[in-house]
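Heads up, the thing below is written out as C-alpha cells.
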Amino acid sequence: MNKEAEVILKLVEKQLDSIWHGDANVYAGTVAEDCSFFEWYISPVRIDGLDFHLRELRIHRNVLEGSMDPLEEKEHFFEHEILQPRVQFYGKTAIVTFTLMIRAVLPDGALHKSHNETRVFHNFGTEKEPDWKLVHCHKSPVATKDSLEALRT
C-alpha cells in the first residue's frame, strides 16, 4: 500500500475512533460541512450535512457513558476492524471501500455486526499541505437477518 493510501486509511480510523469516543471536535475536523450519507440502518433517504452527525455523536457519547450511578453502570467495549480496504485516487478525490466489522461486548454478551462502506474524500488543501475531508459516505448492509428485514420485497 502506498503512502497516500495509508494517510487516507488513518483518517478513516481517526473518524471511527472519534465516533466510539463521542469526540465531535475530532470528527468535525475530518468531515466537510456539506457531506452526504446513506446509512441504511438510520434512514431510508440520504442524510445531508455535518450537523446531523454531530447530534448523533452526542447520542453515542451518552449511550457509551452510561449511568451516573456506578451501581447501575453497564460495561461496554467496542472495537472495529476494517476488512479488505481499497483506496483509489482520482486527482484530489480518494475513494475508500471496505467492510466494517464491529465487535461489542455488552452486559448480555458479545455482538458482531458488519456492513460495507464507501467513503469519498476530497483534498481541500494542496499537494504539499493536504486537507482531506469526508464528502460522502454510503453504507450498505451485508446480507444478515437484520439487513434482510430492512429490504423491501
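Per-structure values
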| quantity | calculated |
| --- | --- |
| Sequence-distant residues sharing a close amide H with residue 35 (under 5 Å, placed H) | 49, 50 |
| Projected area, mean over directions - the stretch 91-136, Cα convex hull, nm² | 4.5 |
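Bear in mind that the values in this text are calculations on the coordinates, not laboratory data. Note that the coordinates shown come from a computational prediction; the quantities given were computed from them, not determined experimentally.
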